[in-house]
Structure formats: C-alpha cells, structure tokens
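Read-outs throughout are calculated quantities, based only on the coordinates presented, and are distinct from any laboratory measurement. All of these numbers come straight from a predicted model, not from anything done at the bench. We place every Cβ from the backbone using ideal geometry, glycine too, and count neighbours over all the protein chains shown.
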Amino acid sequence: MSLVAEDVRVRYGGRRPLADVLLRRPSPGSFAVDGVRLSLAKGSVVALVGESGSGKSTLARCMARVQDLTGGRVSVDGVDVATLRGRDLKAFRRRVQMIFQDPYESLSPRQRVRDIVAEGLAVHGVPRAEREERVRAALTAVGLTPVESFLDRRPFELSGGQRQRVAIAGGLVLDPDYLIADEPVSMLDVSVRASVLKLLDDLRESRELGVLLITHDLATAVHVADHVAVMHGGRIVEQGPASQVTREPAHPYTRALLAATPALDRG
Ligand SMILES: Nc1ncnc2c1ncn2[C@@H]1O[C@H](COP(=O)(O)OP(=O)(O)OP(=O)(O)O)[C@@H](O)[C@H]1O
Ligand SMILES: [Mg+2]
C-alpha cells in the first residue's frame with residue numbers, strides 16, 4: 001500500500017507569457033514542482049529535504065490532495081486521488097493527514113486545544129463519548145502532559161513547539177495510514193525534536209504509519225528516515241536509501257547539503 005506522486009507538476013500564477021508560447025520557449029523555473037516521482041509506503045519514513053523554495057510544501061499539498069496539479073497524478077493504492085468523490089474522498093481525508101508548515105496559521109485562534117485536536121473526530125463521525133479519550137491519547141502521544149493543563153488552552157497560550165505538537169496530535173487522532181508532516185520539528189529545540197521524531201518512528205512501527213517528513217535539515221532527515229529524497233528547483237535530484245544518499249551522494253547539490261551539515265555522523 002502506498003501513496004505515490006507520478007510526474008507531478010505544479011505551475012503557479014496561471015498561464016505562461018504569450019511570447020513564450022508563441023516562440024515555443026520553455027519558461028525556465030516556472031514550475032514550482034517539475035515532474036516529480038515519489039513513493040511513500042505504509043510503515044516507512046521518507047524524508048524530503050531541500051532548500052527554501054525548492055517545492056517541498058507544494059508537492060506535499062498535492063500528495064494530500066489539498067492543492068491541484070498542473071500535470072501528472074497522485075495515487076493511493078493505485079487509485080488516482082483526483083477521481084475520489086463523496087465517501088471515498090472522505091476516507092482518503094481520514095487516511096492521509098497533513099500537518100501544515102506553519103501551525104499558527106493552520107490552528108484556529110479561537111478554538112481550544114481539545115476542540116482543535118477533536119475536529120477530525122467529529123467530521124469523521126467518531127461518537128462523542130469516545131472523542132475525549134482519543135484526544136487525551138493523542139496529546140499524551142505528542143508529550144503534551146499533563147493533558148489537563150493543555151486541553152483548554154488556545155493557540156496563543158502555547159509556545160511555538162507546543163503548537164507544533166498540537167498540530168501533530170490533530171494529525172494522529174484519526175489513526176491515519178499516511179502522515180505528511182511539513183517541517184513538523186523546525187520550531188522545536190533539539191531535545192523535544194528528538195522525542196517527536198522518536199514518536200513518528202514508533203508510530204511507523206506500531207501502526208505502520210507512512211510518514212513523509214519534510215525538512216530542510218538533512219541531519220534530522222537521516223535520523224529517522226529509511227529513504228531520502230533531495231529536492232532542488234522543483235525536481236528531485238537524488239533519492240535512495242538514507243545511508244546511501246548520505247554516504248555516496250551522487251548529486252552536487254546533495255554534497256553541498258552534506259557539507260553544510262557538519263554535525264552529521266556519516267559513519
Ligand atoms: N501560492 C503560491 N503562489 C505563487 N507561488 C507560490 C505559492 N506557493 C509557493 N510558491 C512558489 O513556489 C515555489 C516553491 O514553494 P514551496 O512553498 O513549495 O517551497 P518549499 O520547498 O516548501 O520552501 P520552504 O522550505 O521555504 O518552506 C517557490 O518559488 C514559491 O515562491
Ligand atoms: Mg515549505
């Protein structure tokens with residue numbers, strides 16, 4: 001079972017300039033995502049690394065079907081997600097959860113933590129009686145304990161790292177098959193970062209969660225990922241087993257990334 005991007009292309013800003021079309025000129029750099037193939041299997045962690053603006057978030061949003069593609073397709077277990085409607089789409093929304101890059105933007109400021117985390121449960125018809133318990137379990141899982149002291153807070157009453165963990169709890173509460181996490185640990189300090197990554201790794205094992213972990217930090221990536229994909233200018237310039245990509249980087253950009261990551265233990 002897997003979630004797969006095939007030749008995905010995304011162009012922002014509508015049409016190409018008329019002159020480019022008439023002269024059949026390719027518009028260089030006009031695709032934010034330019035023909036990407038990436039596969040995320042259940043029970044695996046795939047790290048998507050790359051510099052700012054390389055197209056990571058755009059690709060992630062396509063894979064979660066929250067953004068339209070200009071070309072290519074995204075499929076889940078072989079079914080094109082663009083064709084999903086009604087009940088099937090709803091099932092997809094439960095199975096594939098996305099944690100957005102900026103938790104402050106994605107969390108509704110007036111809602112309390114308990115309601116933010118429970119939101120998906122109501123939408124997906126989980127009985128009211130079960131919701132509180134599941135919310136508590138999710139908050140415990142992301143380390144927001146004691147749970148009582150967090151349940152009634154609003155986003156502005158949390159630190160950046162706590163907000164990030166609330167967002168992760170909201171993504172986990174429905175027990176998804178795939179979690180697309182866009183920079184989920186970027187605002188966390190090193191100790192908390194390690195515990196959140198450990199959590200994702202545990203879920204991968206215990207629930208066969210498939211995790212797409214987006215980060216610009218290669219050291220974070222190789223820590224938990226089985227597979228690393230390196231994105232540059234809208235393309236995946238290199239991908240493979242984490243150990244291979246870090247030990248024998250084939251692409252100059254990957255080498256540059258590695259050189260910029262001195263803390264990385266390459267042994
Ligand atoms: N809504 C949008 N409208 C127009 N251009 C956009 C939009 N979103 C992103 N872009 C552009 O698409 C390219 C890829 O952006 P994207 O957000 O996918 O990069 P990223 O790899 O996630 O970067 P970061 O590490 O900074 O989050 C960038 O050039 C960006 O400016
Ligand atoms: Mg991004």
- Query: Taking H as built 1.01 Å from N, whose amide H comes closer than 5 Å to the amide H of Leu107, not counting residues under 5 places away?
  - Reply: none
- Item | Net charge of neighbours whose Cβ lies under 9 Å from the Cβ of Gln111, counting Lys and Arg as +1 and Asp and Glu as -1 | +2
- From DSSP H assignment alone, runs of 4+ in the chain each adding -39500 (n - 2.57), the sum over residues rounded to the nearest 500 puts [θ] at 222 nm at -11500 deg cm²/dmol
- Query: Taking the Cα atoms only, what angle lies between the long axis of helix 128-141 and the longest principal axis of the chain, rounded to 10 degrees?
  - Reply: 60 degrees
- Cα-based Rg then Dmax for the chain, in Å, read 19.1, 64
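Could you calculate the contour length gain from Ser191 to Leu84, that is, 0.36 nm times the residue separation minus the distance between their Cα atoms, to one decimal place in nm? Don't jump to the answer; show the numbers that get you there.
Numbers: separation 107, 0.36 × 107 = 38.52 nm, distance 4.04 nm.
Length gained, Ser191 through Leu84: 34.5 nm.
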- Query: In bins 5 Å wide, starting from 0, what share of all Cα pairs of region 1-155 does each bin hold, as a percent?
  - Reply: 2, 7, 14, 16, 15, 15, 13, 9, 5, 2, 2, 1, 0
- Residue by residue through region 42-50, which ³J(HN,Hα) values in whole Hz follow from phi under the Karplus form 6.51 cos²θ - 1.76 cosθ + 1.60 (θ = phi - 60°), with glycine and proline marked x? 4, x, 10, 10, 10, 9, 10, 10, x
- Query: So what's the gap between the Cα centers of region 130-193 and region 201-239, to the nearest angstrom?
  - Reply: 20 Å
- Message: Which residue, Thr70, Ser108, Gly171, has the largest displacement toward the positive end of the dipole of the chain when charges sit on each Cβ (Lys, Arg +1; Asp, Glu -1)?
- Response: Thr70
- Task: Can you tell me the order of 173-182, 86-95, 70-79 when each peptide is scored by its average per-residue count of other Cβ atoms within 10 angstrom, highest first?
- Result: 173-182, 70-79, 86-95
- Message: For a Förster distance of 51 Å, can you work out the FRET efficiency between the beta-carbons of Leu18 and Arg154, rounded to the nearest 0.05?
- Response: 0.55
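Sorted by packing (mean other beta-carbon atoms within 10 Å per residue), highest first, where do 148-156, 196-204 land?
On the way: 148-156: 14.8, 196-204: 17.9.
Top of the packing list down: 196-204, 148-156.
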- Which of the peptides 185-193, 115-123 is most tightly packed, and how do the rest follow, judged by the mean count of other Cβ atoms within 10 Å per residue? 115-123, 185-193
- Query: How high is the relative contact order of the chain, given as a whole-number percent (alpha carbon pairs under 8 Å, six or more residues apart)?
  - Reply: 27 percent
